1. Looking at 138, 51 in this structure, which one is surrounded by 16 or more Cβ atoms within 10 Å (Cβ to Cβ), in contact with a helix residue (DSSP H, G or I) (Cβ under 6 Å, 6 or more places away or on another chain) and within 21 Å of residue 166 (Cβ to Cβ)?
2. Quickly run through the stretch 54-89 and pick out the residues that are part of a loop (DSSP other than H, G, I, E, B) and more than 17 Å from residue 166 (Cβ to Cβ).
């Protein structure tokens, strides 16, 4: 794993208490994928979550029970996104074609993974944090249900999940 983060576990203070605590607004974010290859897929994202991260311990097997020792591996949940589908299906097709291109082709050649960046803004629309998902690729794309029985117009949304090597805070 190329991401190297040194964490100080000594007893001295490593940071100071924030004086002005404002809380994060969950509706001010933007996702950036790759403007050259996937310029439309990054737009109209309605829902994005920073994925779960767990650090299970290595199991020491004993006759009566397994004892978890210190953590030895990070486990990242997939990155799940929900986006509005444009009327020409351009953003949906970009994800579809990305997945289609990954399957059944030789592993050599152009890089198929892309870095994704989730940009989070504060209440003044200034960037406060960027979270980079390294070597990401889509693993599932939801169906698009068409229905004529709705009395109101509900625009189509699709969900996509990405696998990635790791994420880091920039």
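Coordinate-derived values only; no laboratory data. These figures come from a predicted structure and were not determined experimentally. Quick reminder, even Gly has a Cβ in these numbers, built from the backbone with ideal geometry, and neighbours come from all protein chains shown.
1. Residue meeting the stated conditions: 138.
2. Scanning the stretch 54-89 gives 62, 63, 64, 65, 85, 86, 87, 88, 89.
Rundown of residues vs (1) under 23 Å from residue 90 (Cβ atoms); (2) outside any strand (DSSP E or B), yes/no style:
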site: 112; (1), (2): yes, yes
site: 117; (1), (2): yes, no
site: 129; (1), (2): no, no
site: 132; (1), (2): no, no
site: 139; (1), (2): yes, no
site: 146; (1), (2): yes, yes
site: 160; (1), (2): yes, no
site: 167; (1), (2): no, no
